[in-house]
């Protein structure tokens, strides 16, 4: 079966919070969920752009300010959501930056690791207790095929203070997204209501490439008709991970085409490194220490 947007079930009565939803993959995800009846919250850094995006979506759509580069903003956004939404059915950790020059977040974290992983780690932890009582609730985190490229969790230099490579730093952040998903799912298993799932969009034609080196950006733009798909198509793996009733916790969805570059969403596998339990658990502990956020779920259940 080729899974398409037509397979998205009705979402009436469900609340979906989507980070980075004013453009690209996040916007397309929000649009489809709202069309199916979900109450959608666009959690975005620029609320003016968020309001413009919300105006282009038919349905119940609201905007919440969220700057993932600031833990203060993450805490404020989570507190605001807690005040207005007694339950959350879908949390889609979509926002991200890619191939940025060396920069740090407001809290001193390397920008890609701080935004893509630590910001979402903290945001999820601060909202998870609103999801645990909700049957069928899901945390969906968007990773990338970039998690395979020069990717490792560099515990000896997580913030790239000694040396910096934009592709390797991006790979680390996307690998962290997957490891976070797998560890979170094991911790959720004992609760039996909420699940954690990951997805990746293949190579989609979005604004995410804007920080790539000029030569790479030009090459991608030139080859776009062959090697990329639209943002609407790139959002489908996320939408399947979020809504397909057959999805199981701990799964990973991506395009079914050659090298998972484009195509219809299907179940895929991540790199061997991503399944390293010891590294997952160490990353979790380090992420708790760095963000100061503790999750309302205990240690993962033992795996035989």
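With the requirement that a residue be touching a strand residue (DSSP E or B) at 6+ places or on another chain (Cβ under 9 Å) and at negative phi, what does the stretch 136-152 give you?
137, 138, 139, 140, 141, 142, 143, 145
Identify the residue in the stretch 25-57 that is part of a strand (DSSP E or B) and in contact with a strand residue (DSSP E or B) (Cβ under 6 Å, 6 or more places away or on another chain) and, among all such residues, is farthest from residue 199 (Cα to Cα). Step through it out loud before you land on a result.
Initial filter on the stretch 25-57 (part of a strand (DSSP E or B)): 39-44.
Right, trim to in contact with a strand residue (DSSP E or B) (Cβ under 6 Å, 6 or more places away or on another chain) and you get 39-43.
Working: 39: 22, 40: 19, 41: 20, 42: 19, 43: 19 Å.
This residue is 39.
Residues satisfying the criterion are absent from the stretch 178-193 (criterion: under 18 Å from residue 92 (Cβ atoms), assigned to a loop (DSSP other than H, G, I, E, B), within 18 Å of the chain's Cα centre (by Cα) and modelled with pLDDT of 95 or more). If I go through the stretch 58-67 residue by residue, how many of them are assigned to a loop (DSSP other than H, G, I, E, B) and either on the phi > 0 side of the Ramachandran plot or in contact with a strand residue (DSSP E or B) (Cβ under 7 Å, 6 or more places away or on another chain) (or both)? Final tally of qualifying residues: 3.
Taking the listed residues 41, 61, the one that is touching a helix residue (DSSP H, G or I) at 6+ places or on another chain (Cβ under 8 Å), at pLDDT 95 or above and within 22 Å of residue 135 (Cβ to Cβ) is 41, with no other qualifying.
Looking at residue 226, is it at pLDDT below 95 and out of contact with any helix residue (DSSP H, G or I) (no Cβ under 8 Å at 6 or more places or on another chain)? Considered against the rule, which asks whether it is at pLDDT below 95 and out of contact with any helix residue (DSSP H, G or I) (no Cβ under 8 Å at 6 or more places or on another chain), residue 226 comes out as yes.
Determine whether residue 97 is over 17 Å from residue 126 (Cβ atoms) and assigned to a strand (DSSP E or B). No: the conditions fail for residue 97. None of 106, 75, 150 is surrounded by fewer than 20 Cβ atoms within 10 Å (Cβ to Cβ) and part of a helix (DSSP H, G or I) except 75.
For residue 22, the conditions (1) assigned to a loop (DSSP other than H, G, I, E, B); (2) surrounded by fewer than 23 Cβ atoms within 10 Å (Cβ to Cβ); (3) touching a strand residue (DSSP E or B) at 6+ places or on another chain (Cβ under 6 Å) all hold with the exception of (2).
Look at residue 250 and say whether it is under 20 Å from residue 138 (Cα atoms) and part of a loop (DSSP other than H, G, I, E, B). Taking the combined requirement at face value, the residue satisfies it.
Comparison of 282, 262 shows that the only residue that is in a loop (DSSP other than H, G, I, E, B), in contact (Cβ under 8 Å) with a residue 40 or more places away in the chain, more than 17 Å from the chain's Cα centre (by Cα) and surrounded by 15 or more Cβ atoms within 10 Å (Cβ to Cβ) is 262.
Give the residues of the stretch 1-19 that are without any contact (Cβ under 8 Å) to a residue 12 or more places away in the chain and in a loop (DSSP other than H, G, I, E, B), sorted by residue number.
Of the residues in the stretch 1-19, the ones without any contact (Cβ under 8 Å) to a residue 12 or more places away in the chain are 1, 6.
Scanning the stretch 1-19 gives a single hit, 1.
From 289, 273, which residue is in a helix (DSSP H, G or I) and free of Cβ contacts under 8 Å to residues at least 60 places away in the same chain? Residue meeting the stated conditions: 289. Of all the criteria given as (1) without any contact (Cβ under 8 Å) to a residue 60 or more places away in the chain; (2) touching a strand residue (DSSP E or B) at 6+ places or on another chain (Cβ under 8 Å), the one not satisfied by residue 88 is (1). Checked against (1) over 16 Å from the mean Cα position of the chain (by Cα); (2) surrounded by 23 or more Cβ atoms within 10 Å (Cβ to Cβ); (3) within 19 Å of residue 141 (Cα to Cα), residue 64 passes all but a single condition, namely (2).
The values are calculated or read from the model by the stated rules, or taken from the named source; none is laboratory data. The model shown is predicted, which means the values in this text are computed figures rather than measured ones. Cβ: placed from backbone, ideal geometry, glycine included. Neighbour counts: every protein chain shown.
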